[in-house]
Every structure is written in C-alpha cells, then in structure tokens.
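The block underneath contains the structure these notes are about, expressed in structure tokens.
The values are calculated or read from the model by the stated rules, or taken from the named source; none is laboratory data. As the structure is a computational prediction, the values presented were derived from the model and not from experiment. No Cβ is skipped: glycine too gets one built from the backbone with ideal geometry, and neighbour counts run over all protein chains shown.
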Amino acid sequence: MLARLRLAHTPGVTPRAACRLVAACGSARAGLAAGRGTWKRVLGAARTDALAAGPSEDDARRELARVRRGGAQILVPGSAGWPESLDELSDPPLILHALGDLVPADVRGVAIVGARRASAYGRSQARRLATELAALGITVVSGMARGVDGAAHRAALDAGGRTVAVLGAGLARPYPPEHAALMGDISRGGVVLTEFALDMPPLAHHFPRRNRLLAALSRAVIVVEAGERSGSLITADHALDLGRDVLAVPGRVDSPGSRGTHRLLREGAALCDGVADVLRALGLEPDETTPDAGERELGRTATERRLLAALRGEDLDADALLEAAGVALADGLAAITALELRNVVRLGADGRYSRS
C-alpha cells in the first residue's frame, strides 16, 4: 500500500504512466526500486526526475496515519471495498481515499452530472431524478460540484438513499468550500472518494481525471444541463468508452446550458424525462420497478425499498441483505421486521429472506 501511495502521489506522474511502470516491473514497490535507468526507459526523462523527487516511504507513512486519524481509509485494487469497475479503465487509479464505506450497490449506481452554474430548471430536474432513483434503492453518483451535482447529492440523502461523491481534490480540501457540510453528510449516507492526496487543492486538470471515475463507477450517466464545453460532456465520453449508457435531459432550446445536452441527444444519447427512461436504459421494466407501480406500496420507506431492491433475483441472509442494501444495522433490522409483519418478505428455513 505504501508503495502505491508514493507512486500515486508523485507530482508529474499520471495514473496512465504509473500503471505503465507497475506493468513493466510487476508491482509498485518493484517499480519504485527499479531506479533511474528503468524509469527513463519506461517513462522518459521528465518523469524520471519526478520519481526521484517524489514522496519517501516516511512521507507515505505520515499520509496514511493522517488519513486514518481523519476517519478515512485507503483502498487498493484487490482490497475489501475496492470498486472493481475501476479496473475497466485504461488508466485506473493506484489508490483511493475513501471517507465512508462503499457497499455493493454503490458500484451499480447512476451518475447525475451537469452544469455548475445550473439554472433553477436544471437543479430541479437533478433533484427529481435523484429522489426517484434513491427511492428505488439506486445509488446516486456525482462530483459534489456546485449546481447539478450538489442538488443531486442532497436530494438522494433527503430521500433516505445512498450517494457517492468523487472529488477533484483531497479530502482535507473539500471543493467548493461551501459543500464541506454536504461532504460530511455524504460520508454518513454513502461515501466520498478521491485519488488525490489529502491536501491536494482542486486544480483544473484534476476534474477530467475525476470524471473518468464517475463514469466507471456508474451503470449509466445522466447529463442534466451542460454548455458546449461542460466537463459533463467529458464524463459522457468516458461513459461511452466504457460501454455505459448515456442519457440527457432536454432543456430550453434558447438556453446556452442546453447546448451540450442537445448535442448529446443529436449524437444518440437516450432522452431522459423521468426515471422510467433510466430504468429502460438499465434493462429494467419500469412498470415493475418504479415506486408508483407497486414498490412504493410494498416498501413504505426508502429503507424498505432498498431492502426489497436487494432481494430481486436472489435470497439473502440478514447480514448479506443489509450489506447489499447499504443500510444501517438498526434501521435495517427494524425495516425487515416491518416487511415480515406485512408479509412482504419471508424468512426461509435456510435462514435467508425472500420476497413473498
């Protein structure tokens, strides 16, 4: 872990370059120990100088200690909680800083992204979609930026759902600053992720890197509002490269904030005017899965609906059910009991729950 942390936090060494060194040498530790000759052959002279001046093992130990004191953790490929969908990237991160805990449902979420300077319409559409997705037990993924991102995160939390925020800065430098409280709420109702060192500021070139993670963590990406040069279009491009579905919310034809989304629609993105469109993109049947068509009646709270969603397709024991649904122990057990009393779920002789 320490070697990966050192390599990941070496200024001037991109994730793609770091992956190239790891592939050439077999591991991050071997790559750092290889020396200047190998570094120059694999990465070139400039990155060789960067590696020579990079963080030491003591620096990495201090960073790791600070991460843990702050209540966060560092994830590496193969460790518990590592989102395997990131391995689909050609330049996956070497590590992730995580504030909060990832659950299986989080890496099958839906990203909602859009303009920082969002209109009232854009923010309202983000809230509407996030609320409906959260009610279905689908994790909402976004970038914690102003505008559409912040509206989506907050709506998912208010609906009792889970949300994942991916940052373009370190955990000690929440951006924008006014979202520091939101970041804390997300860490308790989901997880905050970043590949950047704790004190790394939000530099402009970090956000395209952040956007590839948003796409990889999601089954589909919804662009709510975007101008012609919006970073949300970069997220959409990454999603298409990864084979994810891209949806766009139509806007006013005379609004500059609609030009990016309308271009996506002309180029083949699916039109999104409600959660049913998202479900169809995911290969689900809206009539069977929308809250208004049975699920809202069966599951009377967001927690109950998350449990029911986790029971689609397989029976689970209590521990596996709570983990798959991403709900807290006390709330989850109470909700399971309520569902049993209403004969919505039943406990089998094998100790596993199923939908009645």
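Inspect all residues belonging to region 96-103 and state whether any of them is surrounded by 24 or more Cβ atoms within 10 Å (Cβ to Cβ) and outside the structural domain of Leu264 (by TED's automatic domain parsing). Talk me through it step by step, then tell me what you get.
Of region 96-103, the ones surrounded by 24 or more Cβ atoms within 10 Å (Cβ to Cβ) are 96-97.
Pick out the ones that are also outside the structural domain of Leu264 (by TED's automatic domain parsing) and you get 96-97.
Yes - at least one qualifying residue is present in region 96-103.
Which residue pairs have Cβ atoms closer than 6 Å, lie 6 or more positions apart in sequence or on different chains, and pair a first residue in region 264-280 that is more than 15 Å from Val224 (Cα to Cα) with a second residue that is surrounded by 15 or more Cβ atoms within 10 Å (Cβ to Cβ) and modelled with pLDDT of 90 or more?
From residues that are more than 15 Å from Val224 (Cα to Cα), there are no pairs.
Can you pull out every residue in region 99-118 that is charged (D, E, K, R) and either assigned to a loop (DSSP other than H, G, I, E, B) or more than 14 Å from Gly137 (Cα to Cα) (or both)? Please lay out each step first, then the result.
Going residue by residue through region 99-118, those that are charged (D, E, K, R) are 101, 106, 108, 116-117.
The answer is Asp101, Arg116, Arg117.
Give Gly268, Gly260, Gly190 a once-over and let me know the one that is touching a Leu at 6+ places or on another chain (Cβ under 8 Å) and at positive phi.
Working: Gly268 fails: touching a Leu at 6+ places or on another chain (Cβ under 8 Å); Gly260 fails: at positive phi.
Exactly one residue qualifies, and that residue is Gly190.
For a quick check of your reading: which helices (runs of 4 or more DSSP H) sit entirely within region 1-82 and have at least 1 residues that are of a type in the set (Gly, Ala, Ser) and under 23 Å from Arg212 (Cβ atoms)?
Numbers: elements: 2-8, 15-25, 28-33, 36-43, 45-52, 57-69.
Of the helices (runs of 4 or more DSSP H) lying wholly inside region 1-82, those with at least 1 residues that are of a type in the set (Gly, Ala, Ser) and under 23 Å from Arg212 (Cβ atoms) span 2-8, 15-25, 28-33, 45-52.
So which of Asp317, Asp277 ends up being assigned by TED's automatic domain parsing to the domain that holds Ile112 and either of a type in the set (D, E, K, R) or at pLDDT below 85 (or both)? Working first, answer last.
Numbers: Asp317 fails: assigned by TED's automatic domain parsing to the domain that holds Ile112.
After applying the criteria, what remains is Asp277.
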